[in-house]
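The values are calculated or read from the model by the stated rules, or taken from the named source; none is laboratory data. Computed from a prediction, not measured in an experiment: that's the story for all the values here. Cβ sites come from the backbone with ideal geometry, for glycine too, and all protein chains shown count toward neighbours. Quick note on the areas: whole protein, heavy atoms, side chains included, nothing else; ligands and nucleic acids left out. Shrake-Rupley method; radii C 1.70, N 1.55, O 1.52, S 1.80 Å.
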Amino acid sequence: MSLFGDNRAQSVQVGAVLLFAILIIFLSIWQVQVVPSENNQVEFQHNIDVQGDLEDYRNSLLTVPPRSDAQFSSELRPTRIRLGTQYPTRIIGVNPPPATGSLSTDRGSVNITAEVSDDISLEGSAEEILLADRNTTLLTYQPRYSEYTEAPTTRLEHTLLYNQFDERSLSVSNQRLIRSSDTGDNLINLVLLEGDVSEQGMRTTLEPVVIDGPTINVPIEPDSDGELTLSLPTHSPAIWNETIGTDFGDNNARVAAYDGENITIEFDDEILGDWKIRVSKIGLNGGDTGEDELSSIRTIDESSEEANESIPAAESQYNILWEEPVESGGDHEVGPGGEIAGSVRVTDRETGEPVESATVDIATSNGTLFNESSDEVFTETGVTNSSGYYNFTITVGETEGSGSLYAAAGDDVDRIQATVTQNDTSGQAGQVQELSGETATAGSSGQLNFILNNTGDTDVTITEIGINETSTAATELSNPGEIEADGDLVYEGGITIDSNSPNSADVVQLDLPVTILSGNDAAFNFDKFRNPSATGSPNVNMDGETVSIYLIFEDGSSTRVELQA
């Protein structure tokens, strides 16, 4: 018989308590650090999405044809606005309530100081109607996020969509209020918004309608005091200072004053051609479409073709369509830091013939995605060639995500989607599949073999390669390291691996591009994966591990290959 007590049961209980304590600590850390970080990303992406929704809505307001056009309809394109978002379901951790947002309006006064040009005579009291003081509505979206607390307030004012942060404002879509060119095409396109909106929750739909107008384009000139100005309400005079400028520039207009509620825009009257004004009134979300005060404005001699031809019925009646990188309504994929080669075509709406020297505005919905050197949205203006085409290039940033690309000419707007992703499978990358991955030898050799197969019907050529992440502690492909393809040395040097940033990769140019013929495969060998800070051998055992390889092809397409050794 033992003379000493048996403490084994007590040890088991202490161990269980310790394990339970460790589990509680782990869950607490996960709840405090991981869950908020992931939810912050969800909220950030939603904020980009809702800006895109508001941009779609803004663009629908710009597609109003003249009343005389056979395509005129008082009903404009309805737009869904995603006010809020759900967080992903979690097995571990607890989410806060769904993120919501609010859409609201406030009103302000609009004042035009000008006179109708002596070159034209309008019927009856049309001049007083055209230049009368009016009200307009400003639209505001305010998110309510749990984590992305520095999210902006997004506002729509007079065709300008912008984000208002605590310190500054940044435009999302450039203003279409003022257009001026060296050819004398000078237009003030005044879109007055009518109605109130007060929506909260997860989503809503706005259905804008044309209440009155648009007017014909009426030439105007300074009044008897020499003033040619437009006064508009705004929540951010600074964004208008940046967008239009405080000195006469390309727009031939400038912000001259701010009285605490309204900015005053002054127009340069010493330029080629007259300034013309076009006014329309649009219901934010429905409304009575029976008004005809603005749409009834006519010249005195309605039967005189010469008189009315001198004042176009509206902005130039064009159709504009995307043709590259994808056709209208398509979705194009591009790798981080890559280029989007765009091409749009402008045709006459009546004849279908290409339009030469038409002004084209290109804009994007997100500066972080589509501007490599700035967080501001990409904008570009140019003119079409003799075949009606305008070609341009956008160099995207390094951030992954989706957004919209817009092209506008005259009264028409067209849009495509673009996705910045390391899986740009729109070209050669879409033909390649990974067949197998395995370690070259057992143990800690650090080597990895894998096979790529070209399943397409054209040859593909890999020009660049990178490593996104591994399931190991490897931080580099050793320098000097080697990459072989079918026994040929195609790269000699190091590659940095940062598994904490799996959406980026240290991409290197291959010394010898690798061509895989249609229906064939290529065997690759990576030598060696290493962790120089490891105790003992720096070579990392890749047996049974996973590796994410990033491949770029000669046509600019790219893909990520996930290997399981």
Next on the checklist: Just to be sure I understand the model, the point goes 7 Å from the Cα along the line to the Cβ. What's the resulting ALA341 to SER537 distance in nm?
Outcome noted: 4.8
Checklist entry - Could the peptides 209-219, 468-478 be put in order, highest first, of the mean number of other beta-carbon atoms found within 10 Å of their residues? => result 209-219, 468-478
Checklist entry - Say R0 is 30 Å: what FRET efficiency, to the nearest 0.05, do GLU227 and GLU380 get from their beta-carbon distance? => result 0.35
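Kindly identify the range 144-301 as rounded, prolate or oblate by the Cα gyration tensor criterion: order the square roots of the eigenvalues as a ≥ b ≥ c, call it rounded if a/c is under 1.5, otherwise compare a/b with b/c, prolate if a/b is larger, else oblate.
Numbers: a/c = 2.45, a/b = 1.27, b/c = 1.94.
It comes out oblate by the Cα gyration axes.
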Checklist entry - Debye sum, Cα scatterers, the range 91-146, no solvent: what log₁₀ I/I(0) at q = 0.17, 0.18, 0.30 1/Å? => result -0.75, -0.78, -1.16
Checklist entry - When the solvent-accessible surface of protein heavy atoms is calculated with a 1.4 angstrom probe, in what order do PHE20, PHE529, PHE26 fall, highest first? => result PHE20, PHE26, PHE529
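When the chain is fully extended, how far beyond the present Cα-Cα distance does ASN453 get from VAL17, taking 0.36 nm per residue of separation? Can you show the working numbers first?
On the way: separation 436, 0.36 × 436 = 156.96 nm, distance 5.27 nm.
Full-extension gain reported as 151.7 nm.
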Checklist entry - Taking 0.36 nm per residue of separation and subtracting the Cα-Cα distance, what length does fully extending PHE248 through GLN41 add? => result 70.4 nm
Checklist outcome for this item: Classified through the alpha carbon gyration tensor (a ≥ b ≥ c as square roots of its eigenvalues; rounded if a/c is under 1.5, else prolate when a/b is larger than b/c, else oblate), the range 448-565 comes out prolate
Checklist outcome for this item: Long-range alpha-carbon pairs in the range 115-202, meaning those over 17 Å apart, account in percent for 67
Checklist entry - Quick one: which of 91-101, 112-122 comes out on top by average Cβ neighbours within 10 Å, and what's the full order, highest first? => result 112-122, 91-101
Checklist entry - Taking the Cα-to-Cβ direction at GLU400 and at ASP133 and moving 7 Å from each Cα, how far apart do the two end points lie in nm? => result 5.6
Checklist entry - How long is the gain from ARG80 to HIS235 if the chain were fully straight, where each residue apart is worth 0.36 nm and the alpha carbon distance is subtracted? => result 53.4 nm
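Taking Cα pairs under 8 Å and at least six residues apart, what relative contact order does the range 98-199 come out at, in percent?
Details: 168 pairs, mean separation 28.0, N = 102.
Rounded, it is 27 percent for the range 98-199.
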Next on the checklist: With the crude spin-label approximation of a point 7 Å out along Cα→Cβ, what separation in nm comes out for VAL94 versus ASP269?
Outcome noted: 6.8
